[in-house]
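Each value in this text was obtained by applying a stated rule to the coordinates, not by laboratory testing. Model, not experiment: these values are computed from the prediction. Here the Cβ positions follow ideal geometry from the backbone for every residue, glycine too, while neighbour counts run over all protein chains shown.
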Amino acid sequence: MTFPALPFEPFGELLTSAGCLTQMFRIGYRISGTDTVLTFTEVPFSVVRQWIPQEISVSVSLRQNGGLIASLELGETAERNVLKEVSLVQLVQELIEPHRLSMEEVKTSDLDVLLLALESSAQFVRTAISTLKSNKDPPCG
């Protein structure tokens, strides 16, 4: 018997308990886009905190092709790691997936704000294109 391959993703969450003095951190894998946990382990948060550098910087940059790149910089080593590149179009498509709309995770007002931001961004790009074209055109005369 074979099972279909399911996309999975790592997760981590801080567990809090009123009766417990030690906070625990649960890390594991779950089926992507769901709360269905495939496997996990719990570790005292104090142990996890020892291994997290004190100065972490996360940055996101936009490439000319519409790709967004998330980078992680560790302050102590000044090492920069690219975590992932995702296209802006892909992010918008994921945001407005039919199941998210039907579950009302995204409201019309949210989409109105998103559309306004995207339209403003598109206008900035149009202006930049126009400026570049006008700088390349020879003067009349």
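Straightening the chain between residue 87 and residue 22 buys 19.3 nm, computed as 0.36 nm per residue apart minus the Cα-Cα spacing.
Per residue of the chain, the DSSP helices (runs of n ≥ 4 H) give a summed -39500 (n - 2.57) that works out to -10500 deg cm²/dmol at 222 nm. Only one of (i) 1.17; (ii) 1.55; (iii) 1.26 was calculated from the structure for Cα Rg over 2.2 N^0.38 Å, and its label is (ii). Site pair residue 6 and residue 63 shows an inter-label distance of 3.2 nm when each label is modelled 7 Å from Cα along Cα→Cβ. Rounded to the nearest 20 debye, the dipole magnitude of region 24-136 is 460 debye, with +1 charges on Lys and Arg beta carbons, -1 on Asp and Glu beta carbons, and the Cα centre as origin. FRET efficiency for the residue 99 to residue 51 pair, using the beta carbon distance and R₀ = 41 Å, is estimated at 0.70. Computed from the C-beta positions of residue 115 and residue 43, the FRET efficiency with R₀ = 30 Å rounds to 0.10.
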